[in-house]
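Colleague: Next up is a structure, given as structure tokens.
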Amino acid sequence: MSVTRTQAPEWTGRLDPEDGSDAIRLHQLVTPDAKRAVIGFACDAGVKRNKGRVGAKDGPAALRQALANLAAPQNALAFSDLGDVVVTGDALEAGQDTLANAIADALSLHDRLVVLGGGHETAFASYQGLRKRYPDARIGILNLDAHLDLRLPGEAGGSSGTPFAQIRALDPERFDYLCVGYAEEANTQALFKRAQDWGVGLVRDHDLISDPLAANRAISELIARNDRVYLTIDIDVLSHCQAPGVSAPAARGVPLATIEQIVGFVIAKAGDRLALADLVELCPAYDQDGVTAKTAALLARRLLMSV
Ligand SMILES: [Mn+2]
């Protein structure tokens, strides 16, 4: 049971020199000290404590691999790879502390950091890292997720199902949380009651299916009343056909194009206030043809490459 930091792996991928100097893919943009950066959280402990299908520990490596061969956009930005925080066994709290400190340090060097999870226990570390970097900021939390993840920690401690209850416990007065894409059937009434008591904003998956812009007003308001936005994307907000490789697949889910629209909207509205995002719950052992990793990579690419 331990926590270690690993160096960034060598990024490799397809090269197309015959197509000239514009034939660039993401693996060719990785460089130290760039404005954008990724860091991995290789951890199974949160999902295991939450009794989900384990395998999120392999998420960061699968996400890097899926990112590597994506084509770079026009005016592509370089990005840095800060390596992984690796949690062995049940060392969840120590792992979250290490990740939070790494995030706080990274945010003084990079203007946008994308964390590659890990299960949704990643969020408790992400928030604490952002809070450490900006102690006095108003922080709005935007979670794209089928689940509210507001359960209370049990005897074993926190898990991938408890991060937002843990965040609230740190700082109840400043808790500002919007959950977009939740499935009614995937959350008990106890959680909806808690969400109401804690002033949590909610946008249902059905509402996004009938109107892809259904969350935009609530998102605009969240951004407008906060100094910083923390975006956390649980890949299980997508349908199981788009995202089979997660610990808890969604039978319904929100369409990928809608999630892409939302991420683009957040980037455009929040600008510099979007300093931190994470992508969580990718579980490569259950993926099919790498589609879940690729889906997560499309979202990570957008976060890394958008100005
Ligand atoms: Mn979640």
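Computed from the coordinates by the stated procedures, all read-outs in this text should not be read as laboratory data. Source: prediction; values computed, not measured. Positions of Cβ are backbone-derived with ideal geometry, glycine not excepted, and every protein chain shown enters the neighbour counts.
Colleague: If you scan the stretch 268-290, which residues turn out to be surrounded by fewer than 20 Cβ atoms within 10 Å (Cβ to Cβ) and over 17 Å from the mean Cα position of the chain (by Cα)?
Modeller: 268, 269, 271, 272, 285, 286, 288, 289, 290
Colleague: With the requirement that a residue be among the β-branched types (Val, Ile, Thr), out of contact with any helix residue (DSSP H, G or I) (no Cβ under 8 Å at 6 or more places or on another chain) and crowded, with 16+ Cβ neighbours inside 10 Å, what does the stretch 25-42 give you?
Modeller: Filtering the stretch 25-42 for residues among the β-branched types (Val, Ile, Thr) gives 30-31, 38-39.
Narrowing the set further to residues that are out of contact with any helix residue (DSSP H, G or I) (no Cβ under 8 Å at 6 or more places or on another chain) leaves 30-31.
Result: 30, single match.
Colleague: Within the bounds of the stretch 102-112, is there any residue that is under 25 Å from residue 284 (Cα atoms), of a type in the set (A, V, I, L, M, F, W, C) and outside any strand (DSSP E or B)? First the steps, then the outcome.
Modeller: The initial filter retains those residues of the stretch 102-112 that are under 25 Å from residue 284 (Cα atoms), namely 102-103.
Add one more test, that the residue is of a type in the set (A, V, I, L, M, F, W, C), and what stays is 102-103.
Those left that are additionally outside any strand (DSSP E or B): 102-103.
Checked the stretch 102-112: at least one residue is under 25 Å from residue 284 (Cα atoms), of a type in the set (A, V, I, L, M, F, W, C) and outside any strand (DSSP E or B).
Colleague: Are there helices (runs of 4 or more DSSP H) fully within the stretch 147-228 with at least 3 residues that are within 15 Å of the ligand (Cβ to nearest atom), touching a residue at least 12 places away in the same chain (Cβ under 8 Å) and not charged (D, E, K, R)? List them.
Modeller: It comes to 163-170.
Colleague: Filter the stretch 229-256 down to residues that are within 20 Å of residue 289 (Cβ to Cβ), hydroxyl-bearing (Ser, Thr, Tyr) and part of a strand (DSSP E or B), then give me how many there are.
Modeller: Number of matching residues: 1.
Colleague: Take the residues of the stretch 62-84 that are touching a residue at least 60 places away in the same chain (Cβ under 8 Å) and assigned to a helix (DSSP H, G or I): which is surrounded by the fewest Cβ atoms within 10 Å (Cβ to Cβ)?
Modeller: Residue satisfying both the conditions and the ranking: 65.
Colleague: Here's another thing I want to ask about it. Would you please name the residue that is farthest from the ligand (Cβ to nearest atom), looking only at residues in the stretch 131-146 that are outside any strand (DSSP E or B) and more than 20 Å from residue 281 (Cα to Cα)? If you could, list the steps in order and put the result at the bottom.
Modeller: Within the stretch 131-146, the first condition is being outside any strand (DSSP E or B), and the residues that meet it are 131-138, 145-146.
If we keep only those that are more than 20 Å from residue 281 (Cα to Cα) as well, we get 131-138.
Details: 131: 20, 132: 22, 133: 23, 134: 23, 135: 26, 136: 28, 137: 24, 138: 23 Å.
Looking at residues that are outside any strand (DSSP E or B) and more than 20 Å from residue 281 (Cα to Cα), I get 136.
Colleague: Quick one: count up the residues across the stretch 229-264 that are over 30 Å from residue 137 (Cα atoms), of a type in the set (A, V, I, L, M, F, W, C) and within 15 Å of the ligand (Cβ to nearest atom). Break it down stepwise before answering.
Modeller: Here is the first cut: in the stretch 229-264, the ones over 30 Å from residue 137 (Cα atoms) are 238-257.
In the following step, the residues that additionally are of a type in the set (A, V, I, L, M, F, W, C) were identified as 238, 241, 243, 246, 248, 250-251, 254, 256-257.
Then keep just the ones that are within 15 Å of the ligand (Cβ to nearest atom); that gives 238, 243, 246, 248, 250, 254.
Of the residues in that region, 6 qualify.
Colleague: Which is among the small types (Gly, Ala, Ser) and within 16 Å of the chain's Cα centre (by Cα), of 34, 78, 66?
Modeller: Details: 34 fails: within 16 Å of the chain's Cα centre (by Cα); 78 fails: within 16 Å of the chain's Cα centre (by Cα).
Answer to the selection: 66.
Yes or no, residue by residue, for (1) among the β-branched types (Val, Ile, Thr); (2) farther than 24 Å from residue 203 by Cα; (3) surrounded by fewer than 20 Cβ atoms within 10 Å (Cβ to Cβ):
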site	(1), (2), (3)
137	no, yes, yes
140	no, no, no
146	no, no, no
156	no, yes, yes
167	yes, no, no
172	no, no, yes
175	no, no, yes
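Colleague: Still on this structure, I have one more. Going by the conditions given, is residue 123 within 14 Å of the ligand (Cβ to nearest atom), closer than 24 Å to residue 37 by Cα, not β-branched (Val, Ile, Thr) and not in a loop (DSSP other than H, G, I, E, B)? Before the answer, list the steps.
Modeller: On the way: within 14 Å of the ligand (Cβ to nearest atom): yes; closer than 24 Å to residue 37 by Cα: yes; not β-branched (Val, Ile, Thr): yes; not in a loop (DSSP other than H, G, I, E, B): yes.
Yes, satisfied.
Colleague: Residue 55 passes all but one of (1) surrounded by fewer than 20 Cβ atoms within 10 Å (Cβ to Cβ); (2) touching a helix residue (DSSP H, G or I) at 6+ places or on another chain (Cβ under 6 Å); which number fails?
Modeller: (1)
Colleague: What's the total number of residues in the stretch 38-61 that are outside any helix (DSSP H, G or I) and in contact (Cβ under 8 Å) with a residue 24 or more places away in the chain?
Modeller: Step one: of the stretch 38-61, the residues outside any helix (DSSP H, G or I) are 38-44, 50-55.
Restricting the remaining residues to those that are in contact (Cβ under 8 Å) with a residue 24 or more places away in the chain gives 38-44, 50, 52-55.
Counting residues in the stretch 38-61 that are outside any helix (DSSP H, G or I) and in contact (Cβ under 8 Å) with a residue 24 or more places away in the chain gives 12.
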